[in-house]
Amino acid sequence: MEQLRTIGRELAMGSQGGWGQSKEFLDLVKSIGEARSKAEEDRIIARELEHLKRRLADPDVPRRKMKELLLRLVYAEMLGHDASFGHIHAVKMTHDESLPLKRTGYLAVALFLDERHDLVILVVNTIQKDLRSDNYLVVCAALTAACRLIGEEAIPAVLPQVVELLAHPKEAVRKKAVMALHRFYQRSPSSVSHLVSNFRKRLCDNDPGVMGATLCPLYDLILEEPNAYKDLVVSFVNILKQVAERRLPTSYDYHQMPAPFIQIKLLKILAVLGSGDKQASGHMYTVLGDIFRKGDTASNIGNAILYECICCISSIFPNPKMLEAAAETTSKFLKSDSHNLKYMGIDALGRLIKINPDIAEEHQLAVIDCLEDPDDTLKRKTFELLYKMTKSTNVEVIVDRMIEYMINITDHHYKTEIASRCVELAEQFAPSNQWFIQTMNKVFEHAGDLVNIRVAHNLMRLIAEGFGEEDEGADSQLRSSAVDSYLRIVGEPKLPSSFLQIICWVLGEYGTADGKYSASYIIGKLCDVAEAHLTDDTVKAYAISGILKIFAFEIALGRKIDMLPECQTLVDELSASHSTDLQQRAYELQALLGLDKRAVESAMPADASCEDIEVDRNLSFLNSYVQQALENGAAPYIPESERSGVISVGSYKSQEQQETSAHTLRFEAYEMPKPSLALATSQVSMSTPPTDLVPVPDPGYYKEDHQTSRSQPSGDAISGEFGVKLRLDGVQKKWGRPTYSSSTPSSSASSQQATNGGSYSDGGGSTSSQARESSYGSKRQQGTEISAEKQRLAASLFGSAAAKADRKAQASRKASKENASAEKATASSAAPQPVKEQVIPAVPPPDLLDLGDEPVSSSPPSADPFSQLEGLLGPASATPVVSGAPATSTSKAPDLMSIFSDDVPTGATSGSTDPALGDVNLIKGATTAAAKKGPSLQDALQKDATARQVGVTPTGNNPNLFKDLLG
């Protein structure tokens, strides 16, 4: 009867799936597998998550059922959905005493959390307790979780226990302890640097699994410091020999290969230790030969071991027998029908030709077949091999093939790499000048704007400097061929910007050098380039500079050249351009046309692009001028670091940076208030009590003319007489668009105005760069060639003994100088001009209804209009008089009601003042021009704004409103 009950329970479990899972879980997996769209799958998971959230909230869920709910939760999160509500339940399950539940909890926690999660702190204590458990399965589960969850900060908490587990009697625990220490080393090398010797000890472990796990941390350590582990070469060779001789248990075999992954790791380690070490390499030759002889090419894992042997042989000290065995194995890879094996063969061949280039000649046709294979990955790998094989005898064929392939690909990253390689090979192995120019033209024409601009500058430098030989005729021929080719190409559409810059520069520099083309013809071509690229300011700048050079060269030779109509149109257009650079170039051209022959020769010398320019950084040519100015009474120059109380130019340079950070949080402390200076002793005390707060007007609302700024005290000086004041200078506007703030010195009693000027020198030079970054594109690749064509192509790529002798007799010209001369730079400096005092013209009054940007004001505000209005109520004797100010005659007080009349009196200027009002200019900004009569919307708004400024609302019903207010 009991047996029947057991069979019934097993049948019931079988109906539920065979592993104790409920029908609900199996239905969930089935429905997700049958989902026809991602949206349908998301709906299924969303319903499942809602169901799991309700079930997990139930406190009476059985532990066995909780395990299934967590597995369903893991399933949902693995599909990319958020199941964070169940993470705490996984943490709780790690505390369970039941081994299946604890392992399920650790599994869920390792998948849900990482080392930076907040809940990890709750798991560390559990891991510490489980590492001391008597059940080795619990210890293994804790070690597995520690590799995933223990971060750099928590390593010291568990490190001593992990080190103790290295001597655990169970091999599974020792293996996982080694893996945990390796993980700790990867996260924090300094935390386990004193425990490195433990890895050496575990290398001699009796269990192959522990030994194999130790190879991984030792490989990382050997990469960091190979010399410290040279003594282990013999040990590694012995281990590899035992593995190759099948002395390990058969449980470590994979596809009948003995411990292949241990062999691969050992070969990687030996390749690092034997690099450049003849003695260490001598211990490896025997075991490497045994692996080659016993190698199995029938399985992928066997081919992987053989490939790793080839990599090892190409890294250690070379041996002829080993190179022969590696070449034979490489030949088998290249002759295989599998693309994967061909890829391995091409890569292995690229490693071997670094040691012996003749190995590639044995596989000419195999390489050609890979070059024409439809597999793009294999084709790219073959181009890498050809790049390594390039020399002066085969550079033409290889570069042409690379350019043809560059046209067909759409990967911009790889296209840039191919173009860069073409440029590099052309510069190093160019057989002739003509071929070099044509190759570079193809690269720039087909690569588009992906070519780095430094490559264009480098090409211009090469054309200007030549090939570094004494033969000037060859350099002239190079430039002439460049001009001819560019004149043929310049009319083609959709040329990249960098290529057009090269064309304009070469035509302007050498277009008329040999007399083959007239100046008018070259100028017309450059004008066509500028007109065809109206939106590219850089191309237009190069074109106008080329035209300027041609005019300069013709004038220097005494030839008269007329301005073409299209050239005059271009100059007029650029003179009114929004680009200041284009404007300057256009004005320079117009100024050059008015100079004589001698001046033009000095300003634009012929073929001066390669000359080294000496830059006088100390500006010694100005010494006589400075000495003469000092003798005439000029103030000596004060370095910026020694200036005090003077507004430096640096404050204006930093204003732009302050504006950019105006909308960010500022945490610096406020500046401590500085005491204001008192007025002159002749100033009469005002009637306002000294304890009142005097409003300081915003400098943007009140502007004073030159006379007022010199005769009136500033707002700071007046407020200093009153006592406390609100410091509003430099405060930016908080509402509306960001504006410039007027920066005024804290001590503004002085009426001195500082005028800051600066002369800037702009230096330009030819940019040179050794980096090769470039271009793309060419013609569609041909189909499969016949055998004879393949043989001719192989002969051109690899050559033969006779071909070598013939081709070596030809002189190959190097396309670039490796050690280029120092970068050339031009610097222009302008002598400082004496600063002339200028009168700031009055501006119209601001519209107070406009909430836009405040006007920029760099001068201190005039006297406070509110304090000056008090003179209207008091006697005239209360008017303050500034010491040193010129006396003014009494004039008629301004009629305040005239601002509401239709006729504005003429002749009102900002300079007219009234001493009774303390130079109150209520209608600020009125100019000397007479206002027009008649109603006008602009005049009405201006009057309304001015009236609001003085606090009066105009109205037609009460024309005597202001008189009533003042009595």
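Length available on full extension from Thr410 to Ser338: 0.36 nm per residue minus the Cα-Cα distance, which gives 23.3 nm.
What the stretch 452-607 shows is 47 Å² of accessible area per residue, with the surface traced by a 1.4 Å probe over protein heavy atoms.
When the square roots of the Cα gyration tensor eigenvalues are ordered a ≥ b ≥ c, the ratio a/c for the stretch 452-607 is 1.5 or more and a/b does not exceed b/c, which makes its shape oblate. Between Val626 and His117, the C-beta separation translates, for a Förster distance of 51 Å, into a calculated FRET efficiency of about 0.15. Computed from the C-beta positions of Lys170 and Asn206 and an R0 of 22 Å, the FRET efficiency is 0.95 to the nearest 0.05. Over 25 Å between Cα atoms: which of Lys129/Lys175; Lys201/Lys268; Lys294/Lys388; Lys278/Lys354; Lys65/Lys92; Lys391/Lys516 fall into that group? With Cα atoms farther than 25 Å apart: Lys294/Lys388; Lys391/Lys516. The residues packed around Ala108, meaning those with a beta-carbon under 13 Å from its beta-carbon, carry a net charge of +3 if Lys and Arg are +1 and Asp and Glu are -1. Maximal additional length on extending the Arg598-Gln186 stretch stands at 141.1 nm, based on 0.36 nm per residue less the C-alpha distance. Highest mean packing comes first when the peptides 368-374, 443-449 are listed by Cβ atoms within 10 Å, giving 443-449, 368-374. Inter-label distance, Ser497 to Thr535: 1.1 nm, where each label sits 7 Å from its Cα along the C-beta direction.
Taking square-rooted eigenvalues a ≥ b ≥ c of the alpha carbon gyration tensor, is the stretch 87-159 rounded, prolate or oblate, where a/c under 1.5 means rounded and, failing that, a/b exceeding b/c means prolate? Since a/c reaches 1.5 but b/c is at least a/b, the shape of the stretch 87-159 is classed as oblate.
Of the peptides 238-245, 588-595, the order by per-residue mean of other Cβ atoms within 10 Å, starting with the highest, comes out as 238-245, 588-595. Amide H to amide H, with H built 1.01 Å from N, Asp253 comes under 5 Å of Ala259, counting only residues 5 or more places away or on other chains.
In the full protein context, the stretch 221-265 carries 59 Å² of accessible surface per residue, based on a 1.4 Å probe and ignoring ligands, DNA and RNA.
The values are calculated or read from the model by the stated rules, or taken from the named source; none is laboratory data. All figures in this text were calculated on a predicted structure; none of them were measured in a lab. Heads up, the Cβs are rebuilt from the backbone with ideal geometry, glycines too, and the neighbour counts pull from every protein chain shown. These area figures cover heavy atoms from the full protein model, side chains too; ligands, DNA and RNA do not enter into them. Shrake-Rupley method; radii C 1.70, N 1.55, O 1.52, S 1.80 Å.
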